[in-house]
C-alpha cells in the first residue's frame, strides 16, 4: 500500500469516526445524548432551581419558594418555612443575588452547588438597610422530575431573621 493510499484510508477512517460521534449527540432530539451534553442539561436545570429559589424569596412568595424545597429537607421543612416567613415579616425591599460558582453531581440525583451571594433588605422595625455578602453551598436532590433544595450550608441565605 502506498503512502497516498494509507493517508486516504486514515482520513476516511477519521471522518467516519467524527461523523459517528456527531450523530450520537442527540441529532434532532432523538438518540442518546453525549454524557457531557446530559451533564450540561442537568447543570442548567440545577441553576434554574437556584434562580427560582432566589426569585421566589425576593418576591416573598412562600408557596413558590417551598415548592422548590424537598419534603425531606435536612433542616426540617416546617422550620425553614417558618424562618422564611419571619424574614418576610421582618424585612422589606429584599434583594438577593446568587452566583453559582460550581455544580458537582453525585450520580444522577444529587447536586452540590457552591454559591457566592449578596443579600440586602430593609428592617421593618428600624428602617435600617442591611447588606451581607459571602459564600455558602446548597445540596439539591432530583425528586419527581425536578431539582429541589435538600440541604443548605452556613451561613444561611434564606431564613436569616432568627
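Rule-based calculations on the coordinates, nothing more; no lab input. Just so we're clear, the structure is a prediction, and the values are computed from it rather than from any experiment. Don't worry about glycine lacking a Cβ; one is built from the backbone with ideal geometry, like all the others, and counts go over all protein chains shown.
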Quick check on the exposure proxy: order 113, 100 from fewest to most C-beta atoms within 10 angstrom. 100, 113
Taking N as the number of residues in the range 36-152, what is its alpha-carbon radius of gyration divided by 2.2 N^0.38 Å? 1.09
By the mean-Cβ-within-10 Å protection proxy, highest first, 131-137, 39-45, 67-73 rank as 67-73, 39-45, 131-137
Have a look at the range 33-75 and give its Rg and Dmax from the Cα atoms, expressed in angstrom. 13.1, 39
Quick check: the distance between the Cα centres of the range 109-160 and the range 39-74, to the nearest angstrom? 10 Å
